[in-house]
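See structure below.
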Amino acid sequence: METLHINAKTFEVDGDGFLTDPAIWNDELAQQFALADGIETLTDNHWAVIRMIRSHFEEHGNAPMVRTLCKETGLKLKEIYELFPLGPARGACRIAGLPKPDGCV
């Protein structure tokens with residue numbers, strides 16, 4: 001396991017920087033992951049995506065499909081990429097504290 005150090009705290013992550021234990025995730029950690037990805041401020045649209053991803057994960061045990069994410073948030077895929085330049089899986093899911101989604105390369 002690899003570790004990530006943020007604000008004098010250490011977190012276990014996989015080789016791609018995804019948390020290995022999604023239960024330790026919180027809003028502060030999301031903001032720190034976002035900063036590491038070059039996102040200075042998490043806007044209401046960022047949080048809408050993050051909250052939807054977390055909710056889906058907690059209910060279904062996995063990340064939502066992109067189509068579901070767009071439908072539930074009312075955002076187009078292009079807008080999600082503008083919010084999360086690394087994309088919905090590598091960017092948004094990582095900031096939301098999920099493990100690396102299946103099929104994410």
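The values are calculated or read from the model by the stated rules, or taken from the named source; none is laboratory data. What you see is a predicted model, and the numbers here were worked out from it, not measured in a lab. Note that each Cβ is placed from the backbone with ideal geometry, even for glycine, and that neighbours are counted across all protein chains shown. In case anyone asks, the SASA skips ligands and DNA or RNA and just uses the protein heavy atoms, side chains included. Shrake-Rupley method; radii C 1.70, N 1.55, O 1.52, S 1.80 Å.
Need a quick list: helices (runs of 4 or more DSSP H) entirely within the stretch 17-105 having at least 1 residues that are farther than 25 Å from HIS5 by Cα and not hydroxyl-bearing (Ser, Thr, Tyr).
Hits in the stretch 17-105: 44-60, 66-73, 77-83.
Looking at THR41, THR68, THR10, which one is of a type in the set (Ser, Thr, Tyr) and open to solvent by 90 Å² or more (accessible area, probe 1.4 Å)?
THR41
Counting just the residues of the stretch 23-38 that are in contact (Cβ under 8 Å) with a residue 60 or more places away in the chain and touching a helix residue (DSSP H, G or I) at 6+ places or on another chain (Cβ under 7 Å), which one comes out surrounded by the most Cβ atoms within 10 Å (Cβ to Cβ)?
It comes out as PHE33.
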